[in-house]
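Enquirer: Attaching a single structure in structure tokens format; questions to follow.
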Amino acid sequence: MRLSQNFTKTSKTAPADEIARNAQLLIRAGYIHKMMAGVYAYLPLGLRVIENIRQIVREEMNAVGGQEVQMTALQPRELWEKTDRWDDNKVDNWFKTTLKNGTELGVGLSHEEPIVDSLIPFVNSYKDLPVSVYQIQTKFRNELRAKSGLLRGREFMMKDLYSFARTQEEHTKLYEELAAAYLRVYDRLGIGADTYRTAADGGYFTDKFSDEFQTLTEVGEDTIYVDEQKRFAVNKEVMNDETLQKLGLSRDALVEKRAVEVGNIFPLESKYSDALGLYYVDENGERQSVIMGCYGIGISRVMGVIAEKFADDKGLVWPENIAPAKVYIVQIGEAARVVADELYAELMAKGIETIYDDRDERPGAKFADAELMGIPYRVTVSDRLLAQQQFEFTSRKTGETELLTHDALLAKLN
């Protein structure tokens with residue numbers, strides 16, 4: 001985390017063909033590299049952000065009984081034919097490939113079929129249910145037009161969880177537990193106050209509503225109607241008097257907003273389990289259908305939303321929970337180098353992730369990079385300040401600066 005040893009560098013410009021603000025800033029700050037439209041590589045700092053988001057999601061999924069797996073990206077055609085989803089007229093954003101022996105394969109855009117197939121050997125009795133299985137994996141979707149940087153890509157990271165229940169009542173219990181877990185995820189990511197559970201179209205899976213989790217932002221593609229008192233919203237696609245009556249909402253209480261979908265959950269009924277032959281035998285020896293639910297969070301999309309939502313005219317502004325480091329040390333002057341080295345070692349030993357700008361650069365360039373990278377706190381160690389036995393402590397979020405002694409600085413960071 002010494003910038004003198006980091007192979008990436010910041011830039012004053014982004015690729016000319018990149019118009020999304022989130023991608024522009026992440027590229028300029030050295031977090032990601034654009035391979036092509038809708039496809040980005042994650043560089044050391046960007047990977048740290050992604051891993052922090054993944055870990056928050058993982059902890060909350062585990063807390064409600066989720067069991068993590070890693071499914072394959074390559075998927076056999078036969079599975080998808082059983083659920084009538086192989087045909088491009090049914091699902092038009094497949095990436096497909098062919099083995100040298102002529103066997104056709106799909107490249108994972110979703111995993112309902114493979115997850116069900118993997119459970120068939122293990123779920124036979126009512127005693128084997130309920131169960132929830134999830135993964136955090138790269139997905140591939142052949143979008144006609146990738147746009148908005150990380151908000152809509154052809155290759156992206158996603159958490160998808162699938163619940164398996166014996167009855168509708170049991171499914172509903174799992175569903176609500178997952179909905180609550182999602183709200184905890186967004187709180188921990190720093191976007192909970194602006195993220196609303198949103199009633200949306202259930203599609204061909206169910207006649208019930210699905211639930212999106214929409215984060216308010218002016219760059220959002222979706223229009224939602226928010227009841228701020230009830231902390232609930234309705235997607236424009238299902239906004240009508242019948243919907244409002246079902247949900248117990250008043251049109252007068254709703255405010256129109258722009259938002260980005262950062263997650264969704266929806267009932268699958270027994271569409272996939274029946275089609276693939278996943279059943280269980282109940283207490284009376286009768287074969288019964290397994291009731292499923294699906295729960296997705298776009299990990300890389302969340303990163304893009306946060307980058308875009310909190311940025312200012314100087315650069316990124318990361319919430320502390322997901323920032324690649326908590327502290328950015330700026331060293332100014334040769335006499336300050338020894339103290340800055342010691343402070344860096346001390347903070348890292350205490351488990352406080354720190355980026356140390358030990359480059360031979362002008363102070364202005366170091367301050368500009370600290371702001372562009374969006375690290376929550378900047379600590380300036382300079383010859384002038386050390387003469388007064390002080391360090392300058394600056395909050396990236398508020399811009400407030402104060403002078404602190406060594407002990408006061410450590411107390412602040414702890």
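The values are calculated or read from the model by the stated rules, or taken from the named source; none is laboratory data. It should be emphasised that the depicted structure is a prediction, and the values quoted were computed from it without experimental measurement. Glycine gets a Cβ as well: all are built from the backbone with ideal geometry, and neighbour counts include every protein chain shown.
Enquirer: For region 348-367, how many residues are of a type in the set (A, V, I, L, M, F, W, C) and within 28 Å of the chain's Cα centre (by Cα)? Explain how you work it out, then say what you get.
Expert: So the first thing to find is which residues in region 348-367 are of a type in the set (A, V, I, L, M, F, W, C), and the list is 348-349, 352, 355, 365, 367.
Restricting the remaining residues to those that are within 28 Å of the chain's Cα centre (by Cα) gives 348, 352, 355.
Residues meeting the conditions: 3.
Enquirer: Being assigned by TED's automatic domain parsing to the domain that holds ILE224, basic (Lys, Arg), more than 27 Å from the chain's Cα centre (by Cα) and within 30 Å of PHE140 (Cβ to Cβ) is the requirement here; does LYS271 meet it?
Expert: For LYS271, the condition - assigned by TED's automatic domain parsing to the domain that holds ILE224, basic (Lys, Arg), more than 27 Å from the chain's Cα centre (by Cα) and within 30 Å of PHE140 (Cβ to Cβ) - is met.
Enquirer: Next question, about the same structure. May I ask you to say which residue of SER132, SER148, SER110, SER125 is at positive phi and in contact (Cβ under 8 Å) with a residue 24 or more places away in the chain? Steps first, please.
Expert: On the way: SER132 fails: at positive phi; SER110 fails: at positive phi; SER125 fails: at positive phi.
Only one candidate passes the filter, namely SER148.
Enquirer: Scan region 243-272 for residues that are more than 25 Å from HIS111 (Cα to Cα), not in a strand (DSSP E or B) and not polar (S, T, N, Q) and jot them down. Can you show your working first?
Expert: Here is the first cut: in region 243-272, the residues more than 25 Å from HIS111 (Cα to Cα) are 243-259.
Retained after the next criterion (residues that are not in a strand (DSSP E or B)): 243-254.
Within region 243-272, LEU244, LYS246, LEU247, GLY248, LEU249, ARG251, ASP252, ALA253, LEU254 meet the criteria.
Enquirer: Could you check region 273-299 and list, in sequence order, the residues that are in a loop (DSSP other than H, G, I, E, B) and touching a Leu at 6+ places or on another chain (Cβ under 8 Å)?
Expert: Residues satisfying the conditions are LEU278, VAL290.
Enquirer: Could I ask something else about it? For residues that are touching a residue at least 60 places away in the same chain (Cβ under 8 Å) and either surrounded by fewer than 18 Cβ atoms within 10 Å (Cβ to Cβ) or more than 18 Å from the chain's Cα centre (by Cα) (or both), scanning just region 65-75, find the one that is nearest to LYS96 (Cα to Cα).
Expert: Per the criteria, the residue is ALA73.
Enquirer: So which residues in region 210-242 are outside any loop (DSSP other than H, G, I, E, B), more than 12 Å from TYR196 (Cα to Cα) and in contact with a strand residue (DSSP E or B) (Cβ under 9 Å, 6 or more places away or on another chain), if there are any at all? Outline the logic, then answer.
Expert: Taking region 210-242 and keeping what is outside any loop (DSSP other than H, G, I, E, B), we get 210-216, 222-227, 232-238, 241-242.
The next check asks that each one be more than 12 Å from TYR196 (Cα to Cα); those that pass are 210, 222-223, 236-238, 241-242.
If the condition is that a residue be outside any loop (DSSP other than H, G, I, E, B), more than 12 Å from TYR196 (Cα to Cα) and in contact with a strand residue (DSSP E or B) (Cβ under 9 Å, 6 or more places away or on another chain), then SER210, ASP222, THR223, LYS236, GLU237, VAL238 are the ones that fit.
Enquirer: Related question: If I ask for residues that are under 26 Å from SER289 (Cα atoms) and either in contact with a Gly (Cβ under 6 Å, 6 or more places away or on another chain) or among the small types (Gly, Ala, Ser) (or both), which ones from region 94-136 would you list? If you could, list the steps in order and put the result at the bottom.
Expert: From region 94-136, those under 26 Å from SER289 (Cα atoms) are 108-135; that's our starting set.
Passing the criteria: GLY108, SER110, SER118, SER125, SER132, TYR134.
Enquirer: With respect to the numbered conditions (1) under 25 Å from LEU413 (Cα atoms); (2) surrounded by 16 or more Cβ atoms within 10 Å (Cβ to Cβ), which one is the sole condition not fulfilled by GLU320?
Expert: For GLU320, the exception is condition (2).
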